[in-house]
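Take a look at the structure below.
The values are calculated or read from the model by the stated rules, or taken from the named source; none is laboratory data. Everything numeric in this text was worked out from a predicted model, so none of it was measured. As a convention, Cβ positions derive from the backbone with ideal geometry for all residues, glycine included, and neighbour counts pool all protein chains shown.
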Amino acid sequence: MLELKNISFCTSEKNILNDLNYTFERGKTYSVLGNNGVGKSTLAKIIMGLNGYYKNHKGEIILNNEDITDLKIDERARKGITMAWQEPARFKGMSVIDYLKLGNKNQLTMNDMIKYLNLVGLNEKYLNRNVDKTLSGGERKRIELASIVILKPEIVILDEPDSGIDMMSNSMIDSILKELKNNNSTVITITHREEISLLSDKAILLCNGMIRNEGTPEYIGNIYKKLCDFCTNINEPAEKIEVKKVAN
Ligand SMILES: Nc1ncnc2c1ncn2[C@@H]1O[C@H](COP(=O)(O)OP(=O)(O)OP(=O)(O)O)[C@@H](O)[C@H]1O
């Protein structure tokens, strides 16, 4: 269980997150939905404990009743918090096999690796490729998603899992989420696409650094369509936005 308590983050210019409170339950899938610039990635960086974020926010982060607010990114990683970045990293000289084995050195068979590559829409020919610039961004992203499934993380944040991936269908993302859920991972998917948010158990709508609404993905998707598609208040100070206009 991951609890966010009174999380705020501001730069010298503006408040990016405003007093966020939320509890993510173990083994459930969540979507964080919101327009560009509402604070989705900032929230992810704070949960991950990135430099420049983990000491500079207000509020507490509690993982399974343990306060991890002061832990750095590597210490949080050891506790099972991980993330698939919008822009996946390159690892010069590292083969896909070695990269996938980083998550599970001892028990991972070749057949397993092929199964997880297939899950993300790649075939076994990729095993001997290197995770470097010779792979396209979309291919690296798929391989990163496969590695995360293999890792069986406690908490995983998927930042725009479909961005830059032409052929990744919603059903493929759904299969990845189901595989993570089967492993009892808590999944937080950041997206601004309603179709993607519909694949989660629960959804949160962020607006100007605040949780605007939470509920079923269908309910949140509806509000998102009504309010956010035509929003002209993006990046306005919070107090200028009337946030409670739409009823159930
Ligand atoms: N270090 C920073 N310094 C100044 N402003 C920042 C910083 N980090 C983020 N911002 C601003 O805070 C706001 C929220 O940024 P964030 O990246 O969290 O948004 P987002 O919801 O993930 O957007 P997108 O959907 O475009 O990725 C944006 O207006 C951004 O320009």
Pairs where the first residue, in the stretch 176-199, is over 17 Å from Tyr22 (Cβ atoms) and the second is at pLDDT 95 or above and basic (Lys, Arg), C-beta under 8 Å, 6+ apart: Lys181/Lys28; Asn184/Arg26
So, of the residues in the stretch 39-54 that are within 29 Å of Asn184 (Cα to Cα) and more than 15 Å from the chain's Cα centre (by Cα), which turns out to be surrounded by the most Cβ atoms within 10 Å (Cβ to Cβ)? Tyr54
Inspect all residues belonging to the stretch 63-78 and state whether any of them is touching a residue at least 60 places away in the same chain (Cβ under 8 Å) and within 13 Å of the ligand (Cβ to nearest atom). no
Among the residues of the stretch 145-168, is any over 30 Å from Ile61 (Cα atoms), surrounded by fewer than 16 Cβ atoms within 10 Å (Cβ to Cβ) and among the β-branched types (Val, Ile, Thr)? no
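Name every residue in the stretch 21-62 that is in a loop (DSSP other than H, G, I, E, B) and of a type in the set (Asp, Glu), in order of residue number.
Passing the criteria: only Glu25.
Which one is nearest to the ligand (Cβ to nearest atom) among residues in the stretch 38-53 that are among the hydroxyl-bearing types (Ser, Thr, Tyr) and closer than 15 Å to Cys10 by Cβ?
The first filter runs over the stretch 38-53 and keeps only residues among the hydroxyl-bearing types (Ser, Thr, Tyr), leaving 41-42, 53.
Checking the rest, the ones that are also closer than 15 Å to Cys10 by Cβ come to 42, 53.
Working: Thr42: 3, Tyr53: 8 Å.
Among residues in the stretch 38-53 that are among the hydroxyl-bearing types (Ser, Thr, Tyr) and closer than 15 Å to Cys10 by Cβ, the one nearest to the ligand (Cβ to nearest atom) is Thr42.
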Considering the stretch 192-215 alone, what residues qualify as being in contact with a Lys or Arg (Cβ under 9 Å, 6 or more places away or on another chain), within 13 Å of the ligand (Cβ to nearest atom) and within 21 Å of Asn6 (Cβ to Cβ)? Ile204, Leu205, Leu206, Asn208, Gly209, Arg212
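Only one residue in Leu127, Leu100, Leu135 is under 27 Å from Lys45 (Cα atoms) and either among the small types (Gly, Ala, Ser) or outside any loop (DSSP other than H, G, I, E, B) (or both), so which one is that? Talk me through it step by step, then tell me what you get.
Details: Leu127 fails: under 27 Å from Lys45 (Cα atoms); Leu135 fails: either among the small types (Gly, Ala, Ser) or outside any loop (DSSP other than H, G, I, E, B) (or both).
Going through Leu127, Leu100, Leu135 in turn, the sole match is Leu100.
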Go through (1) in contact with an Asp or Glu (Cβ under 8 Å, 6 or more places away or on another chain); (2) closer than 21 Å to Thr189 by Cβ; (3) not small (Gly, Ala, Ser) one by one and return the number of the condition Val32 breaks. (1)
Being out of contact with any Leu (no Cβ under 6 Å at 6 or more places or on another chain) and outside any helix (DSSP H, G or I) is the filter here, so list the residues in the stretch 212-222 that pass it. Glu214, Gly215, Thr216
Please go through (1) in contact with a Phe, Trp or Tyr (Cβ under 8 Å, 6 or more places away or on another chain); (2) crowded, with 16+ Cβ neighbours inside 10 Å; (3) more than 23 Å from Ile196 (Cβ to Cβ) for Tyr126 and return the number of the only condition it doesn't satisfy. (1)
How about the stretch 9-20: which of its residues are part of a strand (DSSP E or B) and more than 19 Å from the chain's Cα centre (by Cα)? Cys10, Asn15, Asn18, Asp19
